[in-house]
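Trainee: First the structure, which I've put down as structure tokens, then a few questions once you've had a look.
The values are calculated or read from the model by the stated rules, or taken from the named source; none is laboratory data. Remember, it's a predicted structure, so these values are computed and weren't measured experimentally. Cβ atoms come from the backbone with ideal geometry, glycine included; neighbour counts cover every protein chain shown.
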Amino acid sequence: MSLKKAKDLIRIEAQAIKSLTNRIDENFAQAVDLIVKCKGRVVVSGMGKTGIIGRKIAATLSSTGTPSIWLHSAEAVHGDLGQVTKNDILIIVSGSGETEETKRLIPLIKRIRAKIIALTGGVKSTLAKYSDVILDVSVSEEGCPLGLAPMASTTATLAMGDALAAALIHKKGFKKEDFAFYHPGGALGKRLLLTVGDIMRKGNHFARIHENALVKEALYSITKARCGSACVLNARGKFVGIFTDGDLRRHIESDSQLLNRKVKEVMTLNPTVIGVKELAVESLKVLQDKKIDEIPVVDNRGKLVGLLDVQDLLKAGVV
């Protein structure tokens with residue numbers, strides 16, 4: 001029986017979200033337009049469980065290029081309303097639109113002359129009556145077995161908030177690089193901002209050998225540098241190939257004199273390379289597509305400047 005109740009709730013919440021597609025209409029477009037033209041900040045306010053959803057909406061807007069803060073409706077009437085100016089837009093989140101704290105807040109916002117966007121299921125409520133735009137997040141049923149806790153309604157409210165953020169991202173031309181700017185310390189920032197040059201091996205940390213060097217010398221260089229390959233240079237110092245453990249395996253069974261061969265006889269010619277200024281996340285795609293673990297790094301003139309190993313991406317948190 002408990003499993004059935006759980007499945008019923010998921011179905012109810014899924015239907016609540018699906019029903020919102022018909023409410024992405026002129027009101028929604030007006031809300032997006034108001035926020036785009038806002039000269040101040042978006043202030044999201046609410047109470048209780050719906051208020052917790054409001055906090056998430058404020059956080060999402062802030063991280064996607066729309067300056068936003070959270071204002072607890074009860075705290076607002078005890079001094080925090082000083083954060084609001086006439087240039088701001090209030091998104092007031094309320095399931096019924098009739099909570100006492102919300103109704104006490106409305107005339108104060110009107111006095112400040114800030115615009116109000118209501119996210120509410122009470123489309124004929126006090127909140128709706130005094131709002132500039134109404135976004136309907138009403139649901140046909142909550143799904144709570146007791147009929148008490150908000151469940152489907154908070155899910156619908158969260159989805160509507162995300163829809164607003166998505167529309168604003170598109171309207172403002174917000175890009176991946178902009179998102180990374182607001183998340184420099186996290187994994188997302190690393191994925192989007194780190195370049196190959198930031199994490200590649202350079203100096204004595206990758207092996208370079210002359211094309212006339214012997215295979216056994218190449219192996220010594222690889223071991224000393226603690227990497228899995230050696231980049232091969234010609235007499236003019238031009239990068240011409242790479243000697244990998246794969247090259248070693250391909251020749252060792254059939255060539256008893258392999259260790260005394262010249263590297264240029266067994267190396268991989270014209271290997272895949274990557275530019276030093278490429279994003280690290282792009283290098284991961286190359287490594288995966290080519291099914292290789294290491295890739296030489298070159299500058300814009302094709303000069304060898306380093307080596308990137310998949311382990312370097314792991315250590316940097318890109319993978």
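Trainee: In the stretch 7-28, which residues are touching a residue at least 12 places away in the same chain (Cβ under 8 Å), part of a helix (DSSP H, G or I) and not hydroxyl-bearing (Ser, Thr, Tyr)?
Mentor: Asp8, Leu9, Ile12, Glu13, Gln15, Ala16, Ile17, Leu20, Arg23, Asn27, Phe28
Trainee: Give the stretch 51-77 a look and list any residue that's in contact with a Ser or Thr (Cβ under 6 Å, 6 or more places away or on another chain), surrounded by 19 or more Cβ atoms within 10 Å (Cβ to Cβ) and of a type in the set (S, T, N, Q), or say none.
Mentor: Ser68, Ser73
Trainee: Identify the residue in the stretch 31-46 that is in contact (Cβ under 8 Å) with a residue 24 or more places away in the chain and exposed (fewer than 15 other Cβ atoms within 10 Å of the Cβ) and, among all such residues, is nearest to Ile69 (Cα to Cα).
Mentor: The qualifying residue nearest to Ile69 (Cα to Cα) is Gly40.
Trainee: Within the stretch 275-319, can you find the residues that are assigned to a loop (DSSP other than H, G, I, E, B) and either of a type in the set (S, T, N, Q) or closer than 20 Å to Arg226 by Cα (or both)?
Mentor: Ile292, Asp293, Asn300, Ala316
Trainee: Now for a different question. Looking at Ala165, Ala230, which one is at pLDDT 90 or above, of a type in the set (A, V, I, L, M, F, W, C) and not in a helix (DSSP H, G or I)?
Mentor: Ala230
Trainee: Just one of (1) modelled with pLDDT under 90; (2) over 38 Å from the mean Cα position of the chain (by Cα); (3) under 21 Å from His205 (Cα atoms) trips up Met267, so point out which.
Mentor: (1)
Trainee: Follow-up question, since we're still on this one. Going by the conditions given, is Val310 in contact with a Ser or Thr (Cβ under 7 Å, 6 or more places away or on another chain), within 16 Å of Gly197 (Cα to Cα) and surrounded by 13 or more Cβ atoms within 10 Å (Cβ to Cβ)?
Mentor: no
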